[in-house]
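The values are calculated or read from the model by the stated rules, or taken from the named source; none is laboratory data. This structure is a prediction, so every number in the text was calculated from the model and none was measured. Ideal geometry is used to build each Cβ from the backbone, glycine not excepted, and the neighbour counts take in all protein chains shown. Ligands, DNA and RNA are excluded from the accessible area calculation, which covers all protein heavy atoms including side chains. Shrake-Rupley method; radii C 1.70, N 1.55, O 1.52, S 1.80 Å.
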Amino acid sequence: MNESDTQEMFVEVVGAAEGFLPGQRLESNLLWALPEAPKLIEARLFWRTRGKGTEDAEVVDSHRIERPAAAGKETISLRLPEAPYSFSGRLVSIVWGVELIAEPSGKSALAEFVMGPDRKEVVLNAVSNAPGT
Amino acid sequence: MLPARDNPFAVHRVLALRYRLSAVEWAEVFDCWEKLGRRGAIVGPHGSGKTTLLEDMARRLEGDGWKVVWVRLDEQCRSLRAAVEQGRAPSFLATGGKLDEREHEFRERRCVVVLDGAEQLSRLDWWRLSRRLRHADGVVITAHRPGLQPTLWQCRTDPGILRELCAELGHPLEMAEAEALWTRFDGNVREALRWLYDRTAGGCVVTSPAACSASA
């Protein structure tokens, strides 16, 4: 899934549709076309929680482009850690993504993907009400 | 099962909701704040949107060039000292030190202190903070009841607001259901939205198997 709060920033994770294995390297295409040259462009590989509780997040890898031009494109490589896996339950999901952000404007774009064993997210199903469980 | 990330009432979606004030009402809020000497309180019961309104006001103040200094208190963080230790308040508001040092922080730029959860402070802590806040160009607090600062805005909720918020989250409610939920939670919209999270998630959302068996 790709999101952007502006038409001026775009990030794509190559092969996102297939998912990724823990520890795998991923390639990401970055594209920006801003009205002014930013001080910094940064791509951040992160996971975050989604659901009922307070959000938690961690940036595990990043790539900085110092004093970039107002418009540009770049393909970068980032390495995934072994954990946490993409995960979904009723109360919380863990979602992986790459965020592209320009400073100081804060304009950003985001691409999400799945990381886990067999390139699939771990799904936690309902607690069984069967007797003895 | 609806994954947590797709639940329309997930926290990140609820936190993205903004307080509903028209442009005219915003102008009234800031006009009132100026007339009150840039001092004021947003008051209202639990879950009525005080923090949301305070955040929206702070964002507008920053856009106008103000330096916004945040203090965030709640039931788990009820003193200035604890707030400083947890990074919820700047140290210069809680510690001693020369008066001119504190003044410097406030004079660096037009400075407004926004304090969420003022009712958590003890009388002594509030008195100490009030003395330091004299040097701030502006103060806005939230509190459950009026009295600590002149009332700037009274937050209220009604079933219609709950219904509007649910519609914005992509999960519309019938008016009768909104009225029932609003009544059940005594107007606490935050708790109503949390209940809707659980219902939308489907099945038994539990934190322990025993709780699930008890509610089955």
To the nearest 10 square angstrom, how much accessible area does B:R72 have with a 1.4 angstrom probe?
90 Å²
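Under a Cβ-only charge scheme (Lys and Arg +1, Asp and Glu -1), can you give me the dipole magnitude of chain B about the Cα centre, in debye to the nearest 20? Don't skip to the answer; put the middle values down first.
Values: 32 positive and 30 negative charges, 153 e Å.
Here chain B has a charge dipole of around 740 debye.
How many partner chain Cβ atoms sit within 10 Å of a residue's Cβ in peptide B:9-16, on average, as a whole number?
On the way: counts 2, 8, 8, 5, 1, 1, 2, 0.
Other-chain Cβ atoms within 10 Å of each residue's Cβ, averaged: 3.
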Quick check: pseudo-label points 7 Å beyond the Cα along Cα→Cβ at A:E18 and A:A83, how many nm apart are they?
2.7 nm
Whenever you get a sec, line up B:M1, B:M175 from highest to lowest accessible area (probe 1.4 Å, protein heavy atoms).
B:M1, B:M175
Helix B:23-35 axis, angle to chain B major axis (alpha carbon atoms, nearest 10°):
30 degrees
Antiparallel bridges, percent of DSSP beta bridges restricted to the protein assembly as shown (to nearest 5):
70 percent
Largest to smallest principal axis extent of the C-alpha atoms in segment B:12-55, angstrom:
35, 22, 14
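Looking only at other chains, what is the average number of their beta-carbon atoms within 10 angstrom of each beta-carbon in A:44-56? If you can, show how the numbers build up before the last one.
Numbers: counts 0, 0, 0, 0, 2, 5, 9, 11, 11, 3, 2, 4, 0.
Per residue, the number of nearby Cβ atoms from other chains is 4 on average.
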Provide B:L15, B:L80 ordered by accessible surface of protein heavy atoms (probe 1.4 Å), highest first.
B:L15, B:L80
Of B:G63, B:A82, B:W182, which is farthest towards the positive pole of the protein assembly as shown's charge dipole, taken about the Cα centre with +1 and -1 on the beta-carbons of Lys, Arg and Asp, Glu respectively?
B:A82
Which value, in debye to the nearest 20, describes the size of the charge dipole of segment A:1-56 about its Cα centre when Lys and Arg Cβ atoms bear +1, Asp and Glu Cβ atoms bear -1, and nothing else is charged?
260 debye
Please report, in whole Å³, the volume per residue of the convex hull around the C-alpha atoms of the protein assembly as shown.
184 Å³
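Rg to Rh for chain A: what is it, with Cα atoms only and Rh by Kirkwood?
Working: Rg = 16.9 Å, Rh = 15.8 Å.
Dividing the radius of gyration by the Kirkwood radius yields 1.07.
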The size of the Cβ-based charge dipole (Lys, Arg +1; Asp, Glu -1) of the protein assembly as shown about the Cα centre, to the nearest 20 debye, is 1120 debye
Set the Förster radius R0 to 22 Å, insert the Cβ-Cβ distance between A:A70 and A:N2 as r into 1/(1 + (r/R0)^6), and round the FRET efficiency to 0.05.
0.50
How far is it, in nm, from the label point at B:E177 to the one at B:D137 when both lie 7 Å from their Cα along the line to the Cβ?
4.8 nm
Computed FRET value (nearest 0.05) for B:R110 with A:L31, which takes r as the C-beta separation and R₀ as 35 Å
0.35
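Which FRET efficiency value, to the nearest 0.05, is calculated for B:R145 and B:Q76 with the Förster distance at 30 angstrom and r the Cβ-Cβ distance?
Values: r = 21 Å, r/R0 = 0.69.
In this case the efficiency is close to 0.90.
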Given a 1.4 Å probe and the protein chains all in place, what does the accessible area of B:T51 round to, in Å² to the nearest 10?
50 Å²
Cut-off 15 Å (backbone N to label point 7 Å along Cα→Cβ of B:R20), residues of segment B:30-67:
B:48-50, B:53
Of B:L54, A:L100, B:G202, which is farthest towards the positive pole of the protein assembly as shown's charge dipole, taken about the Cα centre with +1 and -1 on the beta-carbons of Lys, Arg and Asp, Glu respectively?
B:L54
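Measure up A:K39/B:K50; A:K39/B:K35; A:K52/B:K35; A:K39/A:K120; A:K52/A:K120 against 31 Å on the Cα-Cα distance and list the ones that go over. List each step's numbers first, then the result.
Working: A:K39/B:K50 36 Å; A:K39/B:K35 40 Å; A:K52/B:K35 40 Å; A:K39/A:K120 37 Å; A:K52/A:K120 22 Å.
Violating the 31 Å Cα-Cα cut-off are A:K39/B:K50; A:K39/B:K35; A:K52/B:K35; A:K39/A:K120.
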On the full set of protein chains, 1.4 Å probe, figure out the accessible area of A:D56 and give it in Å² to the nearest 10.
90 Å²
Could you state the angle between the C-alpha long axis of helix B:175-184 and the longest principal axis of the C-alpha atoms of chain B, as a value from 0 to 90 degrees rounded to the nearest 10?
60 degrees
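Shielding by partners for A:87-97, please: the mean number of other protein chain Cβ atoms within 10 Å of each residue's Cβ. Don't skip to the answer; put the middle values down first.
Details: counts 3, 6, 5, 14, 8, 5, 6, 2, 3, 0, 0.
Average per residue, whole number: 5.
Chain pair B, A: how much accessible area is buried, both chains summed, with a 1.4 Å probe, in Å² to 100?
Working: alone 12150 and 7930 Å², together 18530 Å².
In total, this chain pair buries about 1500 Å².
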Candidates B:G40, B:G63, B:G138: whichever shows maximal mean-square fluctuation once chain B is modelled as a Gaussian network with Cα springs under 10 Å:
B:G63
Compare B:V68, B:V140 by solvent-accessible area with a 1.4 Å probe and give them largest first, with all protein chains kept in place.
B:V68, B:V140
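I'd like the carbon and sulfur percentage of the solvent accessible area for the protein assembly as shown, probe radius 1.4 Å, heavy atoms only, ligands and nucleic acids excluded.
Values: 9290 of 18530 Å².
The nonpolar share, carbon plus sulfur, comes to 50 percent.
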